[in-house]
Amino acid sequence: MITQTLPGQGGKERSALVYGVHVYGNLYDCDKNLLKDEVYLTKVVREAADAAGALVVSTFYYKFGINGGISVVAIVAESHISIHTWPEYGYATVDVYTCGSHTKPMEAFKYIVKSLNASRFEVFVSDRSYYTDGEVGGDTVTS
């Protein structure tokens, strides 16, 4: 069992059966040429995984036409890292989800922001852990 002190939880330690952190966000005014280069983007997700301390299992991409956007995904042993691009707008979305307290998903996110030369970005963090105390982690949505 992992005991973790999490931000936004009043600094209290909680015991988690499954520890997961999901860092995701939007990148603006990125280098448009980089956003349509599948070789470069694949390299970036691999290096982001290294920055997070995650083990890459597989990478793949899908390119939407000659000058279209690209979706690049790295499956890591701890979960996944993805970049989705819209080069015509200089825009990308990034998703870094890792399980295990040994990983640093925010470091992967920051690495991607820097690698795509984003002039500004938004970042969100969700706690995806499963706790033994019965309380929910982060971002609760009810219907």
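A short reminder: the numbers here are calculations on the coordinates, not readings from a lab. It should be emphasised that the depicted structure is a prediction, and the values quoted were computed from it without experimental measurement. Neighbour counts are summed over all protein chains in view; Cβ atoms, including those assigned to glycine, are modelled from backbone coordinates with ideal geometry.
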What ³J(HN,Hα) values, in whole Hz, does the Karplus curve 6.51 cos²θ - 1.76 cosθ + 1.60 give for the stretch 41-47 when θ = phi - 60°, with x put for Gly and Pro? 5, 5, 4, 4, 5, 5, 5
Neighbour-count ranking [beta-carbon atoms within 10 angstrom, fewest first] of Ser82, Ser15, Ser115: Ser15, Ser82, Ser115
Given backbone amide H placed at 1.01 Å from N, residues whose amide H is under 5 Å from that of His80, ignoring those fewer than 5 places away on the same chain, are Tyr97
Starting with the fewest neighbours, write out Leu35, Leu17 ranked by other beta-carbon atoms found within 10 Å of each beta-carbon. Leu17, Leu35
With only alpha-carbon atoms counted, please give the Rg and Dmax of the stretch 20-124, in Å. 12.5, 40
Which of Lys43, Lys36 has the fewest other C-beta atoms within 10 Å, and how do the rest follow up to the most? Lys43, Lys36
